[in-house]
There are 2 protein chains.
Amino acid sequence: MAERKREKRDPQQRRAEILAAAFACFSERGFAATRMEDVATRAGIAKGTVYLHFPDKEALFTELVSGIASPILGRIEGLAANEAIPPRFAISMFYTLFRREVLETDRRHLLRLILAEGPMFPAVTEFYHREIISKGLGVLRTLLARAADRGELRHPAIADIPQIVIAPALLSIVWMTLFEAYEHLDTQKLFDAFLETLFVPEGGAK
Amino acid sequence: MAERKREKRDPQQRRAEILAAAFACFSERGFAATRMEDVATRAGIAKGTVYLHFPDKEALFTELVSGIASPILGRIEGLAANEAIPPRFAISMFYTLFRREVLETDRRHLLRLILAEGPMFPAVTEFYHREIISKGLGVLRTLLARAADRGELRHPAIADIPQIVIAPALLSIVWMTLFEAYEHLDTQKLFDAFLETLFVPEGGAK
DNA sequence: TAATTATGACTGACTGGTCGGTCATTAACA
DNA sequence: TGTTAATGACCGACCAGTCAGTCATAATTA
C-alpha cells in the first residue's frame, strides 16, 4: 500500500513529467482510450493536478504531439545546406537518423498517433504539414534536384516528387506498429534497397 | 416531423444497410467517436434493432473492416498467374486498380481506419495480415522475381522486399487523408515515376 | 534560531453528461 | 390470433472536468 507523499515541484519539471506520462499513455492506447486519471497516476500525481498545467485533454494532446518538433529536420537541413555533401549520402543519412531517432525509439508511437488521430485534430495536422512536412519536402527537393543535375538519379523525374523518399519511412512505421508481430521487416534492407533503386550505382565510373 | 414507419426487412438486406451506415459513420469519425445511435439513425432504424444483427459495437466494426475483402487482390492474383503478362504491366495495373478502387472511392477511409485503429483490434490486424498483406506480398514477390529474371529491374535486390511496392500506395493513402487539404499530391505522377524508377526503361532493347 | 503565519500546489470526492447495451412493449405480418 | 421484428425508454458504467479543503514549504516575526 504505497503511501503517496505530497510533493511540490518546479512547475516546469511537473509539466514535463505530465507530458512524459501523457506520451506513454497516448502511445499505448490512443487519444480516446486514455483517461486523464491514467495520465495523472502515471505521473505520480492526482487528477486535479493535471488541470493546473493543461486546460483540458485536447490541449495536453496537441501540446504533446506538437512539442516533439523534429530534431531530425534540423540535421537534414544542415546536411542539405552543405553542397559538398553528396545528395545520396544526405538521404542515406536521413534514413539512418530516422531509424535511430524514430523507428527504434518510442517516438515511433508518436508518429503513429499523428497518423491515427490526425483527422480528429486538424490543428495538429496543419501544424505538422506546415512545420515538418513542407519544410522536409523542400529540403528533399533541393537534394534531389542536385542529384538530378549531377546525373546521379536513375530516373530524374522523381526530383519533382520528393514524397517518394518518405514513402519507405512511412511504410516502415506502419509495418512496425501493425504487422511486425506477424512478419518481420528488415528496415535496414528496405532503406538500402530503396536508395540503390533511386540512385545510379556508385562505382559506375570510379 | 417525419414519422418513421416501422418496417420489416429481409434480414440480409437490413444487415447490409446497417453495415453501410456503420461504414459511413466509422469512416467519418473513427471507432471511438461513433455512437451506435448514429449508426442506427443513419440506417433509418432504432438503436435496439442494430443489436438484433450484431452482438456489440466491436463486432460491427470488425465485421465491417474484415468484410471489405480486397477485390483488388483477386484481380492481381489473376494477372500474376498469367506468365505472358509482363510484370511491369501487372504492377502498373495494381496501382491503377488501387487508385480507381480505393484512393478515389470511400474505401480509402476504410483503409485509414485499419491503419488508425489497428492496434486497438489485434484480431482485425491479424486478419488483414493473413488474408490480404501476406497474400499480396506473395504475388508481388512472384512478379518481382520474374522481372528480375528477365533483367527488367534496375536493382534486382528489391525482389526480396516486395513491401517496397506498396510504400507509395501507403503514402498516397496517408497523404490524401491528412495533407491533401494543404498541398496537392499528384498520385498518377507518383505511381508513374515510381514504376519508372523500379523498372529499366521500356525501349531499352525493344 | 524557533515559533507563527501565509501561500498556493496539490488532492480526490463529486457532478453532469455521455453512451453501450437491455428489455418490456408494440406493430407488422402470416 | 400467434409469431416475430422493431422500438426507444431506461439502466448503469464510465469519465472529463470541478472545487472545497489540505498541507508542505517559505516568509515573517519574536
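List of remarks:
- Among B:157, B:24, B:90, the residue with the largest mean-square fluctuation in a Gaussian network model of chain B, with springs joining Cα atoms closer than 10 Å, is B:157.
- Across the identical copies, the label point of residue A:55 (7 Å from Cα in the Cβ direction) is separated from its matches by 4.4 nm, in order from shortest.
- For the protein assembly as shown, a simple Cβ point-charge model (Lys and Arg +1, Asp and Glu -1, everything else neutral) yields a dipole of about 600 debye relative to the Cα centre.
- The stretch B:13-83-the stretch A:145-206 distance, computed between alpha-carbon centres (Å): 36
- Residue among A:163, A:12, A:188 with the largest mean-square fluctuation in a Gaussian network model of chain A, springs linking Cα atoms under 10 Å: A:12
- Cα gyration tensor shape of the stretch A:11-66, rounded if a/c is under 1.5, else prolate or oblate by comparing a/b with b/c: rounded
- Prolate/oblate/rounded call for chain B, Cα gyration tensor, a/c under 1.5 rounded: prolate
- Summary for residue B:8: label point 7 Å along Cα→Cβ; distances to the equivalent points in the other copies, ascending, 7.4 nm.
- Annotation note: GluC sites (Glu not before Pro) in the stretch B:77-138 located in DSSP loop regions with a Cβ neighbour count of at most 11 within 10 Å are B:83.
- At 7 Å out from Cα toward Cβ: residue B:82 inter-copy label distances (nm, ascending): 5.4
- Computed over chain B with a Gaussian network model linking Cα atoms closer than 10 Å, the most mobile of B:84, B:116, B:16 is B:84.
- Per-residue [θ]222 nm for the protein assembly as shown (sum of -39500 (n - 2.57) over DSSP H runs n ≥ 4, rounded to 500): -20500 deg cm²/dmol
- Listed residue pairs exceeding 28 Å between alpha carbons, taken from A:47/A:135; B:57/B:189; A:57/B:57; B:8/B:57; A:135/B:135; A:47/B:47: A:47/A:135; B:57/B:189; A:135/B:135; A:47/B:47
- Cleavage-rule hits, trypsin sites (Lys or Arg not before Pro), the stretch B:130-198, DSSP coil, Cβ neighbours within 10 Å at most 14: B:150
- For residue B:154, net neighbour charge (Lys/Arg +1, Asp/Glu -1) across residues whose Cβ lies under 11 Å away: -2
- Dividing the mean sequence gap of close Cα pairs (under 8 Å, 6+ apart) by how many residues the stretch B:11-66 holds gives a relative contact order of 37 percent.
- Axial C-alpha extent at least 18 Å, average Kyte-Doolittle at least 1.0 - helices from chain B (DSSP): B:163-178
- Distant-in-sequence amide H partners of residue B:183 (H built 1.01 Å from N, under 5 Å): none
- Lys, Arg +1 and Asp, Glu -1 on Cβ, resulting dipole of the stretch A:69-205 about Cα centre, debye, nearest 20: 200
- In this structure the amide hydrogen of residue B:199, modeled in the peptide plane, comes within under 5 Å of the amide hydrogens of B:154, none closer than 5 places in sequence on its chain.
Quick note: the coordinates plus some simple rules give every number you see, no bench work behind them. Worth saying up front: this structure is predicted, and the values here are computed from it rather than measured. With ideal geometry, Cβ positions are generated from the backbone for all residues, glycine too; neighbour counts draw on all protein chains shown.
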